[in-house]
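Reviewing the structure listed below.
The values are calculated or read from the model by the stated rules, or taken from the named source; none is laboratory data. Predicted model, so just to flag it, every value in this text is computed and none were measured. Virtual Cβ from ideal backbone geometry, glycine too; neighbours counted across all protein chains shown.
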Amino acid sequence: MRLFLIGLGIVTATIYHAVPEQTNADFLTTASLKKINPNNPAGHKWIAVSRDLEKLGFTMGVRVCVENAGDLSGEWTIEDRMNKRWTNRIDFLVNTTRKYGKWENVTIRIIE
């Protein structure tokens, strides 16, 4: 069972890199039109969300607290949108030196 209240969700979390193979041709620009630092993408602390989460308040520029995602738990800002094929998911923008990351039952909560 999935829990969704306003501003609270249980999702699957994965990672992504700012590279054309995982994004689009303009791989250094997020869906919110923010420019990604190619030397340290992780330094931004930005996430992408699946489109179904947007109707629950997880929209561009919103700060969230992420729990149960290991060393990536903490405060992040939504600045990107995932491909429409994904649901109930967030993606952490990380440096290419990090090769893998997937967590189930991750809690995301809007910070007010």
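Scanning segment 66-76 turns up one or more residues that are closer than 14 Å to Ile110 by Cα and either touching a residue at least 40 places away in the same chain (Cβ under 8 Å) or basic (Lys, Arg) (or both). Being touching a residue at least 24 places away in the same chain (Cβ under 8 Å) and of a type in the set (Val, Ile, Thr) is the requirement here; does Thr23 meet it? It is false that Thr23 is touching a residue at least 24 places away in the same chain (Cβ under 8 Å) and of a type in the set (Val, Ile, Thr).
So, Thr87, is that one at pLDDT 95 or above and closer than 17 Å to Arg109 by Cβ or not? Taking the combined requirement at face value, the residue does not satisfy it. In the set Thr87, Thr77, only one residue is of a type in the set (Val, Ile, Thr), touching a strand residue (DSSP E or B) at 6+ places or on another chain (Cβ under 6 Å) and not in a helix (DSSP H, G or I); that residue is Thr77. Charged (D, E, K, R) and surrounded by 18 or more Cβ atoms within 10 Å (Cβ to Cβ) - does that describe any residue in segment 50-73? No, there is no match, as no residue in segment 50-73 is charged (D, E, K, R) and surrounded by 18 or more Cβ atoms within 10 Å (Cβ to Cβ). May I ask you to list the residues in segment 90-107 that are assigned to a loop (DSSP other than H, G, I, E, B) and either out of contact with any strand residue (DSSP E or B) (no Cβ under 8 Å at 6 or more places or on another chain) or farther than 10 Å from Ile15 by Cβ (or both)? Within segment 90-107, Asn95, Thr96, Thr97, Lys99 meet the criteria. Contact annotation: residue pairs with Cβ atoms under 6 Å, 6 or more positions apart or on different chains, pairing a residue in segment 84-99 that is on the phi > 0 side of the Ramachandran plot with a partner that is of a type in the set (Val, Ile, Thr), are Asn88/Val11. Do the conditions hold for Ala18, that is, is it touching a strand residue (DSSP E or B) at 6+ places or on another chain (Cβ under 7 Å), surrounded by 19 or more Cβ atoms within 10 Å (Cβ to Cβ) and part of a loop (DSSP other than H, G, I, E, B)? The answer is yes for Ala18. Selection within segment 74-103: residues that are polar (S, T, N, Q) and under 17 Å from Gly43 (Cα atoms). The member of this set that is surrounded by the most Cβ atoms within 10 Å (Cβ to Cβ) is Thr77.
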